[in-house]
1. Only one of these conditions is not met by residue 34: (1) buried (at least 17 other Cβ atoms within 10 Å of the Cβ); (2) over 15 Å from the mean Cα position of the chain (by Cα). Which number is it?
2. Considering 175, 111, which residue is surrounded by fewer than 16 Cβ atoms within 10 Å (Cβ to Cβ) and modelled with pLDDT of 90 or more?
3. Among the candidates 2, 9, 41, which residue alone is in contact (Cβ under 8 Å) with a residue 24 or more places away in the chain, farther than 21 Å from residue 89 by Cβ and more than 12 Å from the chain's Cα centre (by Cα)?
4. Only one of (1) more than 17 Å from the chain's Cα centre (by Cα); (2) not in a loop (DSSP other than H, G, I, E, B) fails for residue 15. Which number is that?
5. Any residue that is surrounded by 22 or more Cβ atoms within 10 Å (Cβ to Cβ) and within 22 Å of residue 30 (Cβ to Cβ) - is there at least one of those in region 90-104?
6. Condition first: more than 14 Å from residue 123 (Cβ to Cβ) and in contact with a strand residue (DSSP E or B) (Cβ under 8 Å, 6 or more places away or on another chain). Now tell me which residues in region 27-38 satisfy that.
7. Please work out which residue is surrounded by the fewest Cβ atoms within 10 Å (Cβ to Cβ), limiting yourself to region 65-81 and to residues that are outside any loop (DSSP other than H, G, I, E, B) and either touching a helix residue (DSSP H, G or I) at 6+ places or on another chain (Cβ under 6 Å) or modelled with pLDDT under 80 (or both).
């Protein structure tokens, strides 16, 4: 499902055999009722064929696979000339980064007025902003659970531990039902003004 070396998720495409997409190509994420261990999410993603398709992804693939947790492939360590599991190396790197105070993903929570750690399972809508590398990201805060809108780069979403030093924030409180219509939400997102905020955890 997730390839840690390419940083892409693999889904079925009705026009091509498969689609390999980064997290920034997701457009909407919704946790499905029922399964809890692991939870299952329905994602709508932008495909290379030009359309948007739905797929399913588990909580483990969404939040933990990008960190290399559970990865079973191996690599040749040129320092030791041994074949070693890549999962151990990536997991150790993630643990050291988190212990050093850096989270894999982060958002700026407008209701709390501060940056907060995040995981992709907290993302609700990801919308590209026309030309350029910027995305509108609607995400729930890991602390208060409220919805915030940030303007971030694709790398901020796609690459764990790669944070924008400054993000745009919509200074508005959004109700829980703000995501009922994706088209209306995107229109609201791009008609809003973004204020720059420092994203230092």
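1. Exception for residue 34: condition (1).
2. Values: 175 fails: modelled with pLDDT of 90 or more.
Unique residue meeting the criteria: 111.
3. Numbers: 2 fails: farther than 21 Å from residue 89 by Cβ; 9 fails: more than 12 Å from the chain's Cα centre (by Cα).
Checking each option against the conditions leaves just 41.
4. (2)
5. Initial filter on region 90-104 (surrounded by 22 or more Cβ atoms within 10 Å (Cβ to Cβ)): none.
No: region 90-104 contains no residue that is surrounded by 22 or more Cβ atoms within 10 Å (Cβ to Cβ) and within 22 Å of residue 30 (Cβ to Cβ).
6. Initially, region 27-38 is screened for residues more than 14 Å from residue 123 (Cβ to Cβ), giving 32-38.
Residues satisfying the conditions are 32, 34, 38.
7. As a first pass, look at region 65-81 and keep what is outside any loop (DSSP other than H, G, I, E, B): 65-67, 74-77.
Next, only the ones that are either touching a helix residue (DSSP H, G or I) at 6+ places or on another chain (Cβ under 6 Å) or modelled with pLDDT under 80 (or both) stay: 67, 74-75.
Values: 67: 21, 74: 14, 75: 12.
Among those residues, the one meeting the criterion is 75.
Yes/no matrix, rows are residues, columns are (1) closer than 22 Å to residue 137 by Cα; (2) modelled with pLDDT of 90 or more; (3) assigned to a strand (DSSP E or B):
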position	(1), (2), (3)
45	yes, yes, yes
48	yes, yes, no
83	no, no, yes
87	no, no, no
98	no, no, no
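The values are calculated or read from the model by the stated rules, or taken from the named source; none is laboratory data. Computed from a prediction, not measured in an experiment: that's the story for all the values here. All Cβ positions, even for glycine, are placed from backbone atoms using ideal geometry, and neighbour counts span all protein chains on display.
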